[in-house]
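Here's the structure we're looking at; comments come further down.
The values are calculated or read from the model by the stated rules, or taken from the named source; none is laboratory data. In this text the structure is predicted, and so the values were computed from the model without any measurement. Cβ atoms come from the backbone with ideal geometry, glycine included; neighbour counts cover every protein chain shown. The protein model used for the area step is the full one, side chains on, heavy atoms only, and it has no ligands, DNA or RNA in it. Shrake-Rupley method; radii C 1.70, N 1.55, O 1.52, S 1.80 Å.
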Amino acid sequence: MKLLPRPRFFYVSPWLLAAAAGLLVVIVVTFAMSNIRREKQLMTEAMIEKAATLIRVVHSGARAAYLLDVRRGIWNLDPWSEYVQRVINHVAEDPVVLFLTVVDDRGKVIAHNNEKDIGKTLNISLLSQLELDHGGVSDLVYRFTGGKKGRRYFEAARIFEPYRPALQGVFRRSWKKQHGGIAFFGGLSSGQVFRFSPPDGPGLHRKYYVLVGLDMSGYDRSLKRLKLQALILSLAMLLVGVGGWLSLAAVQGYRVSQKTLGDIKAFTGILIAKLPVGIIATDREGRVTTWNRAASEMTGITWKQAAGRLPQNVLPPEFADFFSGAELRGSGEGLPEGWEKEITVAVAGRKEFFLCYIMAVRDNESKYMGQVLLLSNLTELKSLEKKMRENERLAAVGRMAAGVAHEVRNPLSSIKGLALLLKGKFADGSREDETAGLLIQEVERMNRTVSELLSFTRPAPLDVRRTDLGELLAEEVRLVSSDAQSADIELRLQVADDLQPVAADRDRLNQVFINILLNALQSMEKGGTLWMTAENSPNEATVIVTVRDTGCGITEENLSQVFYPYFTTKPGGTGIGLAISQKIISDHGGTIRIDSIEGQGTTVTVELPRYDETGGEDAG
């Protein structure tokens, strides 16, 4: 059994498949890393925004509280660091804030969410590492700090300016008072009206910084969750890619399988249709599912007439008996795996010989699927065997005839001479004269018989010419028409319009067809119909003449002997006519066949080669 071919990509180099898989992995990893970087950037920006907001809240809140006290008329105000400290204490209540402090350029803590650290000096190198000394007030720098085992946090810093720009629209007073580091000028001024002053005096050139530390636990948890999501997404994409490839392989394999299955079915259909063996198959219900062209030709029943029907309702009984009965249908129990039998069936009035082989069809699980009947037409083989036997008999008869003719003919000449001598010595009309005449007649009859025997031993010379069979057959019908009319027999002649001429000896063919027609007329003692047709063979290499009667027919036992010399069933018959006819047709390179069913009639078929315009008889 031929295996189904695999799709082409199953034979692709493994390196190419590995490269494709690697490319898919790179794409998926790149996509995942890009997502992680984008999300880290967004989260970092959120941390920066939160730190910047806290610093703005400290700066703006301290300033707003200071201005509120001024507006209330409170002139004995606290130092600006106190206002900043109060705002830091309030803002630091957020659990995300680890520390929030204001330091000067020497690292001394001015304000801190942990008041115990006020006045302490921090490592000033932190500020130099952040490079804050080169930026403006709005610049903010940050970094992520903390070890693998320690707590990670986000640290941001910005310059803190305790001096406030002058406000527009404040009225100048005619007096000035300085108290607690507050300078207030009355009247309207476009310049500076008040400013924060450091607690230790003017110190206008000292720098101050705000440092914020934010807890990154939530950030790290979100980042881990993001990485996990990216990993899951990447795996999902990878699985989708692999699944897609496998789906493509499955679809392609399915398409290839379907195409291959279609090709196998088409090839099987053509093979079954072209096989010279008839194939009739049934399903488990016993209905016909397969009926090839050879089966139609052998049975004379078309596929349309047989499809879906039970064989018992379609086939002749001789064929239908091979299929199981209703009690076995569906299960197949008790059916033999296969057996054959040779049968004889009448098809279209002809006896046909068939070798039939029936077998049960089962699947891989030994379940009954139906039956298949194979038909082989043995008619031609039987005919060839019969011809071989006849040729052997004819050869034996010929050899015997040659010997008999040689031994008998010479004495016959002497006997005839003596008979003529004796006849001349007796008076005319005397008894002796009549006896001598009878002797001469019998000698001549024996001489004719010897001549007929010799015709089987040596080929007779033929005067082969272009012969119109239609004209010849019409002449034969006219010759026997009076005999047919007297016997109440209807004659029917049908000649094809495109009938081709044959290469034949006209006189010899007359002898053959007259003999066949007379035999047919004599078989119809109670009247009937005699059909005579002439047509070209399907390949137009020969011309076929068929003579069919409705007479008594020939028994099966006698049918095999009709061409034997001197075999006859008619009273007064010589039994040499059909033997001579067969010899004449054989000398023309043709064939003669007789099919008969006792009680139904006889059909004689003569096939002769067509005339070849280039060289007499057709070479093909």
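Going through Ile264, Ile301, Ile272 one at a time, which residue ends up being under 30 Å from Val345 (Cα atoms) and not in a loop (DSSP other than H, G, I, E, B)?
Ile272
Within the stretch 264-298, which residues are of a type in the set (Ser, Thr, Tyr) and at pLDDT 85 or above?
Within the stretch 264-298, Thr282, Thr289, Thr290, Ser296 meet the criteria.
Here is a yes/no grid of residues against (1) open to solvent by 50 Å² or more (accessible area, probe 1.4 Å); (2) touching a Ser or Thr at 6+ places or on another chain (Cβ under 9 Å); (3) acidic (Asp, Glu):
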residue	(1), (2), (3)
Glu39	yes, yes, yes
Ala46	yes, no, no
Ala51	no, no, no
Leu54	no, no, no
Val57	yes, no, no
Arg63	yes, no, no
Asp69	no, no, yes
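Out of Val404, Val397, which single residue is modelled with pLDDT under 70 and touching a Leu at 6+ places or on another chain (Cβ under 7 Å)?
On inspection, the qualifying residue turns out to be Val404.
Would it be correct to say that Val57 is at pLDDT 85 or above, among the aliphatic types (A, V, I, L, M) and touching a helix residue (DSSP H, G or I) at 6+ places or on another chain (Cβ under 6 Å)?
yes
Please indicate, with yes or no, whether at least one residue in the stretch 417-425 is surrounded by 11 or more Cβ atoms within 10 Å (Cβ to Cβ), at pLDDT 80 or above and not in a helix (DSSP H, G or I).
Within the stretch 417-425, none of the residues are surrounded by 11 or more Cβ atoms within 10 Å (Cβ to Cβ), at pLDDT 80 or above and not in a helix (DSSP H, G or I).
Looking at (1) touching a strand residue (DSSP E or B) at 6+ places or on another chain (Cβ under 7 Å); (2) open to solvent by 10 Å² or more (accessible area, probe 1.4 Å); (3) under 30 Å from Asp612 (Cβ atoms), which is the only condition Met532 fails?
(2)
So Arg350 clears everything in (1) within 30 Å of Glu318 (Cβ to Cβ); (2) of a type in the set (Lys, Arg); (3) over 40 Å from the mean Cα position of the chain (by Cα); (4) loosely packed, with under 14 Cβ neighbours inside 10 Å except one condition, right? Which one?
Failing condition for Arg350: (4).
Could you check, for the stretch 2-10, whether at least one of its residues is farther than 30 Å from Phe267 by Cβ and either assigned to a helix (DSSP H, G or I) or at pLDDT below 65 (or both)?
no
Do the conditions hold for Asp139, that is, is it open to solvent by less than 70 Å² (accessible area, probe 1.4 Å), touching a strand residue (DSSP E or B) at 6+ places or on another chain (Cβ under 8 Å) and either at pLDDT 55 or above or within 30 Å of Arg71 (Cβ to Cβ) (or both)?
When the stated conditions are applied, Asp139 does not pass them.
Kindly check whether there is at least one residue in the stretch 113-122 that is within 15 Å of Asp220 (Cα to Cα) and at pLDDT 65 or above.
No, that holds for no residue.
Identify all residues within the stretch 354-378 that are closer than 27 Å to Gly601 by Cβ and either modelled with pLDDT under 85 or open to solvent by 50 Å² or more (accessible area, probe 1.4 Å) (or both); write none if there are none.
Once the filter is applied, which keeps residues that are closer than 27 Å to Gly601 by Cβ and either modelled with pLDDT under 85 or open to solvent by 50 Å² or more (accessible area, probe 1.4 Å) (or both), the stretch 354-378 yields Leu355, Asn377.
List the number of the failed condition for Ala230; all other conditions in (1) modelled with pLDDT of 80 or more; (2) under 27 Å from Ile48 (Cβ atoms) hold.
With respect to (1) modelled with pLDDT of 80 or more; (2) under 27 Å from Ile48 (Cβ atoms), Ala230 is out only on (1).
Could you please find all residues in the stretch 506-529 being open to solvent by 20 Å² or more (accessible area, probe 1.4 Å) and under 19 Å from Leu462 (Cα atoms)?
The answer is Arg506, Asp507, Arg508, Asn510, Gln511, Ile514, Asn515.
Collect the residues in the stretch 426-447 that are surrounded by 10 or more Cβ atoms within 10 Å (Cβ to Cβ) and not in a helix (DSSP H, G or I), keeping them in residue-number order.
Phe426, Ser430
Out of the stretch 51-79, which residues are more than 28 Å from Arg143 (Cβ to Cβ) and outside any loop (DSSP other than H, G, I, E, B)?
Across the stretch 51-79, the qualifying residues are Ala64, Ala65, Tyr66, Leu67, Leu68, Asp69, Val70, Arg71, Arg72.
Counting only residues that are closer than 30 Å to Ile594 by Cα and not in a strand (DSSP E or B), which one in the stretch 323-353 is modelled with the lowest pLDDT?
Selected residue: Gly349.
Identify, please: which residue in the stretch 85-109 is in a helix (DSSP H, G or I) and of a type outside the set (Lys, Arg) and is, among those, nearest to Arg206 (Cα to Cα)?
If we take residues in the stretch 85-109 being in a helix (DSSP H, G or I) and of a type outside the set (Lys, Arg), then Gln85 is nearest to Arg206 (Cα to Cα).
List the residue pairs whose Cβ atoms are under 9 Å apart, where the first residue sits in the stretch 248-274 and is surrounded by 11 or more Cβ atoms within 10 Å (Cβ to Cβ), the second is aromatic (Phe, Trp, Tyr), and the two are 6 or more positions apart or on different chains.
These pairs meet every condition: Leu248/Phe9; Ala249/Phe9; Ala249/Phe10; Gln252/Phe9; Gly253/Phe10.
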